[in-house]
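Only one structure is covered here, and it is reproduced in the block below.
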Amino acid sequence: MGQYYLVANMDKKEVLCINGRFPGMKLLEIAINKEDSLAILNQVAIQWKGDHVYLVGDYADLSDSKQPYFNALRMWTDKFHVVESMYHYIYDNFNRVEGDTSDKGYRFLYNHEKKVYLDLLHIPKSYESEMKNSFYISPLPLLIAMGNGRGGGDYWNSDNNDFVGSWCDSISSIEITRMPKDELDYEEFHPDFCCRE
């Protein structure tokens, strides 16, 4: 069985719909789907800027305190008094908002808390050698995912698994821009998400 994810804004109690549907897909499916990735990027850049936004998996729970998303999930579980599944709580209680899938030219993701940035033009494509296909893995969905490693369709790569969910504790400090902010002098972050052969 695969693990499925919802894109949720915990502050506004909103869940993202894309073309009238929840992403309701597996993590890698969302990260390689251009429309889903653009909708998430646009929402975090504008309407959800400064909010706590996560991709919450239906298997995400508090059983492993070493997970990078653990503290954020615990905070919201306590705040909402969720006893069972945060995924199901979101599904049942959050308002649906429609995402914008147009390409608005956003290129830079600045994490002010971590003092790093991502340049989306420097994200490598991933290749499937047998099929000789290449595809782009959007980093933002992986960086704010809760529950990775618990089900099929999650991101599995021992080289950089630890980066998945690593921005859950700092998502509210993210700023997404079209132009660089050179005055910040932040270090460029290279998660280099890719599928292993």
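When you scan region 85-118, how many residues do you find that are farther than 18 Å from Ile46 by Cα and not hydroxyl-bearing (Ser, Thr, Tyr)? Residues that pass the stated criteria total 10.
Which residue out of Gly50, Gly105, Gly99 is among the small types (Gly, Ala, Ser) and crowded, with 19+ Cβ neighbours inside 10 Å? Checking each option against the conditions leaves just Gly99. What about Asp159, is it under 21 Å from Arg74 (Cα atoms) and out of contact with any Leu (no Cβ under 9 Å at 6 or more places or on another chain)? The answer is no for Asp159.
Listed by first and then second residue, the pairs linking a residue in region 83-95 that is surrounded by fewer than 17 Cβ atoms within 10 Å (Cβ to Cβ) to a residue that is of a type in the set (S, T, N, Q) and in a helix (DSSP H, G or I), with Cβ atoms under 9 Å apart and 6 or more places separating them unless they lie on different chains, are Val83/Thr77.
Among the strands (runs of 3 or more DSSP E) lying completely within region 92-163, list those that include at least 3 residues that are in contact with a Phe, Trp or Tyr (Cβ under 8 Å, 6 or more places away or on another chain) and modelled with pLDDT of 95 or more. Hits in region 92-163: 108-111, 116-119. Whenever a residue of region 148-165 is over 15 Å from Ile32 (Cα atoms), its partners that are exposed (fewer than 13 other Cβ atoms within 10 Å of the Cβ) and of a type in the set (D, E, K, R), lying with C-beta atoms within less than 7 angstrom and at least six residues away or across chains, give the pairs Asn157/Arg196. Residues that are in a loop (DSSP other than H, G, I, E, B) and charged (D, E, K, R) were ranked within region 164-186; the one that is farthest from the chain's Cα centre (by Cα) is Asp185.
The values are calculated or read from the model by the stated rules, or taken from the named source; none is laboratory data. All of these numbers come straight from a predicted model, not from anything done at the bench. When we count neighbours, we look across all protein chains shown, and the Cβ atoms used for this are built from the backbone with ideal geometry, even at glycine.
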